[in-house]
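Report on the structure given below.
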């Protein structure tokens, strides 16, 4: 048996999806094929990612194309200094392997080839090849209809500034110091072996791959290709209900569009997850169609059954809980309107508390300094005189009239200290005002504290939209975010009512009749 392979080929980005399909077609015929390509400047979107969430589309504009690959995982900022290996083969012994086991096994020949240059590279879950703690390459896989597609993305050199401008959720801060820190997270091959050439590296990988697969090598020309249209922007209106969950395998989103009567018209999973079963998320979406949103959790549990999902770092319980979060968002919408509910989320460390249980337990309110006016002398200090000239002052008044502790968070270290204090003094829950990007990047601070919370999103100019995270974390961000004091007041009014109304439990929640969807605030 043979491993058919070809040396490096330069492709226009829109040709890459056709190249993947050509490799898979041969694998479906029982052949094992390995090829190496380098793409012109582009953004390569994961199979299940939403470009609006993954990329800074306002920066990309017409500068370079956005192309969707067949494998899941994070979106990538690429240029011709990146080598991509594409291996397609019959599933055989890989058909039943756990996702991480499969990727570790197929990464082995790549590790062997890289180590041949004196680089002590190792595979680390969920899908990275690292050296001395720095990312050298990332791997992705897909397993469909008895074939496996395995891809390894190896930067030879890396423009970190372009990467941070292209990807929407930043890895590091876009500043001189932040760029330096980001460069320390990556180990492009030519920073380790300055004279490394892609041709000899590809040949080494082919030798090692053939040995692992027990096949002999046969070099051949690359396949003829056509161009695939670039990823089209999604022009659908925003989802009526949406939720997200950060997992060890990446961030997973669930969006639902509703018909009157709370029936799901359409559902969509998206995210940076490596889902080997390329059709799993589509099947789960189909299971939710024509289902009452309040039953999303149980519907997903039934659809998943006892078989673990074929997703790296994501458990069945994570997907089911995402259904719960969507139903919880809709439940919030019953009280405050669906438009308002998109700005509110619940954080339950053990995933058991309802929105009522957390909201009714709130005894502290945390506000971001970035929502205070730039001219305010209290902007970078805790406290507020309630002068009446900004929404933060209104928020302080709303909290104080309820005898709630209210704190302005002035920098990231201050947040850690405040959360620690809340935990140590036995706070039951808090209401936090922060942007979703901050929560996604710094969720471990809230997990470590273990205090339940209700979060209210902020609007306006945030440090993430302006790429000034470093200044924000240090307390030096000068633009102004926006706190919706009216919505905050409605949340606290709801909290007050819970003091005299029995709090819903998980059991009573499940017995709720499906409500009519709210049409606004």
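Readers should treat all values here as calculations from the given coordinates under stated rules, not as data from a laboratory. Since the structure is predicted, the reported quantities are computational estimates derived from the model, not experimental observations. We place every Cβ from the backbone using ideal geometry, glycine too, and count neighbours over all the protein chains shown.
Output the 0 to 90 degree angle, nearest 10, between the alpha-carbon long axis of helix 16-28 and the longest principal axis computed from the alpha carbons of the chain.
The answer is roughly 60 degrees.
Sorting check: for 198-204, 49-55, 423-429, which peptide has the highest mean count of neighbouring beta carbons within 10 Å, and how do the rest follow?
Going from most to least packed, we get 49-55, 198-204, 423-429.
State, as an integer percentage, the relative contact order of the chain based on alpha-carbon contacts under 8 Å between residues 6 or more apart.
This gives 14 percent for the chain.
Ranking request for peptides 58-67, 250-259: highest mean number of other beta-carbon atoms within 10 Å first, then the rest in descending order.
250-259, 58-67
How far apart, in nanometres, would the label points at residue 95 and residue 217 be if each is projected 7 angstrom from Cα along the Cα-to-Cβ direction?
Those two pseudo-labels are separated by 3.0 nm.
To the nearest 0.05, what FRET efficiency results for residue 191 and residue 307 with a Förster distance of 51 Å applied to their C-beta separation?
Between residue 191 and residue 307 the formula returns 0.75.
Could you give the length gained by full extension between residue 486 and residue 52, i.e. 0.36 nm per residue of separation minus their alpha carbon distance, to one decimal place?
Between residue 486 and residue 52, full extension yields an extra 153.4 nm.
At 0.36 nm per residue, and after removing the present C-alpha to C-alpha distance, how many nm does the segment from residue 236 to residue 120 gain when stretched out fully?
Here the answer is 37.1 nm.
What's the Kirkwood radius of segment 268-358 in Å, using all Cα pairs?
Taking every pair of different Cα atoms in segment 268-358, averaging 1/r and inverting gives 14.1 Å.
Could you work out the mean projected area of the convex hull around the alpha carbons of segment 2-219, in square nanometres to one decimal?
Projected area, direction-averaged: 11.4 nm².
Suppose R0 equals 51 Å; then what is the FRET efficiency for residue 339 and residue 413 from their Cβ-Cβ distance, rounded to the nearest 0.05?
Calculated transfer efficiency: 0.90.
Suppose R0 equals 22 Å. What FRET efficiency, 1/(1 + (r/R0)^6) with r the Cβ-Cβ distance, do residue 289 and residue 145 give to the nearest 0.05? Don't jump to the answer; show the numbers that get you there.
Working: r = 24 Å, r/R0 = 1.07.
So the FRET efficiency works out to roughly 0.40.
How much length is gained if the chain between residue 10 and residue 63 is pulled fully straight, taking 0.36 nm per residue apart and subtracting their Cα-Cα distance, in nm to one decimal? Write down the numbers at each step before the final one.
Details: separation 53, 0.36 × 53 = 19.08 nm, distance 1.91 nm.
Between residue 10 and residue 63, full extension yields an extra 17.2 nm.
To the nearest 10 degrees, how steeply does helix 485-498 sit against the main Cα axis of the chain, on a 0 to 90 scale?
The helix 485-498 is inclined about 70 degrees to the chain.
So how compact is the chain: Cα radius of gyration and Dmax in angstrom?
Cα radius of gyration and Dmax of the chain are 24.9, 79 Å respectively.
Report the Cα centroid-to-centroid distance between segment 315-389 and segment 412-437 in angstrom, as an integer.
Result: 12 Å between the Cα centres.
Using a 10 Å cut-off on Cβ atoms, rank the peptides 117-129, 79-91 from the highest mean neighbour count down.
Values: 117-129: 16.8, 79-91: 20.8.
Descending mean neighbour count gives 79-91, 117-129.
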